[in-house]
Amino acid sequence: QMRGDGQAIAPIWQRLVRGEGMRRLFVALRPPPMLRQCLLGTMAGVSGARWQSDAQLHLTLAFLGDVAEDQAERLDAGLSRIDAPAVPLTLEGAGSFASRGRVHSLWIGAEPEEALERLAGKGRRAARGAGLVSDDQAFVPHITVARINAGCGPVDGFIRQWSDLCAGPALVERFGLYESRLGSGGSAYHLLCEYQLR
Ligand code: 2AM
């Protein structure tokens, strides 16, 4: 999307002041119970890490930022029209994300399986169709297992320990539109709508 002056329109969540009626939304898969068990089993060995709860575990397909109600409706309509096969989800390896040289999250990866990548593409397309600027970064399929801050111990041991992890596949037969709400115990994720895969 380009404005008349040739400037790319800034992502919606940078342009809009978060206010009444805005919701922080993302499209995600919920790992099946067997894989969540496996994820919960990795959560040790980094002092001070804020390990995620079972309820927080998800794999983001498309991050949307702050969305207004009418956009959310269009997004929901677009997501409802997605016709895609169920995703065989396999956990694979571990890693971290950092910004300005500081690690802020630890994750377990997911195999970049074709059905998964295509579904993420369709989710992002639905977002653009609703007038939202979805993430333009490469899709790095992952499930965040811990939030890290400067006071935490080293994370290298965790990443090494789980680098050969391979669990699954477990079939995921639906995906959801979620809202993220920041609370005292970290973010809480609420399922707003669910969509069936083939
Ligand atoms: P994370 O787990 O790697 O932090 C809800 O916040 C979900 O959206 C999380 O899975 C989070 O990924 C993801 N998310 C948050 N901000 C994002 C951004 N700017 N780009 C892509 N994904 C983001």
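Can you name the condition, by its number, that L64 falls short on among (1) at pLDDT 95 or above; (2) in contact with a Ser or Thr (Cβ under 7 Å, 6 or more places away or on another chain); (3) under 19 Å from F139 (Cβ atoms); (4) of a type outside the set (D, E)?
Here L64 meets the rest and fails (1).
Evaluate segment 179-187: report whether one residue or more is over 17 Å from L40 (Cα atoms), in contact with a Leu (Cβ under 8 Å, 6 or more places away or on another chain) and surrounded by 11 or more Cβ atoms within 10 Å (Cβ to Cβ).
Yes, the conditions are met somewhere in segment 179-187.
Scan segment 77-88 for residues that are surrounded by fewer than 17 Cβ atoms within 10 Å (Cβ to Cβ) and either polar (S, T, N, Q) or part of a helix (DSSP H, G or I) (or both) and report the count.
Selection size over segment 77-88: 2.
If A120 satisfies every condition in (1) touching a strand residue (DSSP E or B) at 6+ places or on another chain (Cβ under 7 Å); (2) not in a helix (DSSP H, G or I); (3) not basic (K, R) but one, which is the exception?
(2)
Could you identify the single residue in L40, L75, L64, L79 that is within 13 Å of the ligand (Cβ to nearest atom) and not charged (D, E, K, R)? Steps first, answer last, please.
Numbers: L40 fails: within 13 Å of the ligand (Cβ to nearest atom); L75 fails: within 13 Å of the ligand (Cβ to nearest atom); L79 fails: within 13 Å of the ligand (Cβ to nearest atom).
Being within 13 Å of the ligand (Cβ to nearest atom) and not charged (D, E, K, R) holds for just one of L40, L75, L64, L79, which is L64.
State yes or no: is V140 outside any strand (DSSP E or B) and among the β-branched types (V, I, T)? Give the derivation first.
Working: outside any strand (DSSP E or B): yes; among the β-branched types (V, I, T): yes.
For V140, the condition - outside any strand (DSSP E or B) and among the β-branched types (V, I, T) - is met.
Condition first: of a type outside the set (A, V, I, L, M), in a helix (DSSP H, G or I) and free of Cβ contacts under 8 Å to residues at least 60 places away in the same chain. Now tell me which residues in segment 17-53 satisfy that. Break it down into steps so the answer makes sense when it comes.
Step one: of segment 17-53, the residues of a type outside the set (A, V, I, L, M) are 18-21, 23-24, 26, 30-33, 36-38, 41-42, 45, 47-48, 50-53.
Among the residues that remain, those that are also in a helix (DSSP H, G or I) are: 33, 36-38, 41.
Within segment 17-53, P33, R36, Q37, G41 qualify.
Inside segment 176-198, can you point out the residues that are more than 10 Å from the ligand (Cβ to nearest atom) and either among the aliphatic types (A, V, I, L, M) or part of a loop (DSSP other than H, G, I, E, B) (or both)?
L177, S184, G185, A188, L191, L192, L197, R198
Within segment 12-39, count every residue that is more than 30 Å from G129 (Cα to Cα) and either out of contact with any helix residue (DSSP H, G or I) (no Cβ under 6 Å at 6 or more places or on another chain) or modelled with pLDDT under 95 (or both).
Residues that pass the stated criteria total 6.
I'm checking my understanding of the structure. Among residues of segment 131-144 that are of a type in the set (A, V, I, L, M) and at pLDDT below 95, which one is farthest from the ligand (Cβ to nearest atom)? Please lay out each step first, then the result.
First, the residues of segment 131-144 that are of a type in the set (A, V, I, L, M): 132-133, 138, 140, 143.
This time we only want the ones that are at pLDDT below 95, so: 132-133, 138.
On the way: L132: 12, V133: 11, A138: 11 Å.
Going through the qualifying residues, I end up with L132.
Being of a type outside the set (A, V, I, L, M) and within 16 Å of the ligand (Cβ to nearest atom) is the filter; apply it to segment 148-157 and report the residue that is surrounded by the most Cβ atoms within 10 Å (Cβ to Cβ). Please lay out each step first, then the result.
Narrowing segment 148-157 to residues of a type outside the set (A, V, I, L, M): 149, 151-154, 156-157.
Applying the additional criterion that residues be within 16 Å of the ligand (Cβ to nearest atom) yields 149, 152.
Working: N149: 11, C152: 17.
So, considering only residues that are of a type outside the set (A, V, I, L, M) and within 16 Å of the ligand (Cβ to nearest atom), the one surrounded by the most Cβ atoms within 10 Å (Cβ to Cβ) is C152.
Residue-by-condition table, conditions (1) part of a helix (DSSP H, G or I); (2) touching a residue at least 60 places away in the same chain (Cβ under 8 Å); (3) in contact with a helix residue (DSSP H, G or I) (Cβ under 9 Å, 6 or more places away or on another chain):
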{"residue": "A55", "(1), (2), (3)": "yes, yes, no"}
{"residue": "L61", "(1), (2), (3)": "no, yes, yes"}
{"residue": "D66", "(1), (2), (3)": "no, no, yes"}
{"residue": "Q71", "(1), (2), (3)": "yes, yes, yes"}
{"residue": "R74", "(1), (2), (3)": "yes, no, yes"}
{"residue": "T90", "(1), (2), (3)": "no, yes, yes"}
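Residues checked against (1) surrounded by fewer than 15 Cβ atoms within 10 Å (Cβ to Cβ); (2) within 14 Å of the ligand (Cβ to nearest atom):
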residue	(1), (2)
L91	no, no
A94	no, yes
W107	no, yes
A120	no, yes
A146	no, yes
I159	no, no
S163	yes, no
A167	no, no
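The values are calculated or read from the model by the stated rules, or taken from the named source; none is laboratory data. These figures come from a predicted structure and were not determined experimentally. Here the Cβ is made from the backbone with ideal geometry for all residues, glycine too, and neighbour counts use every protein chain on show.
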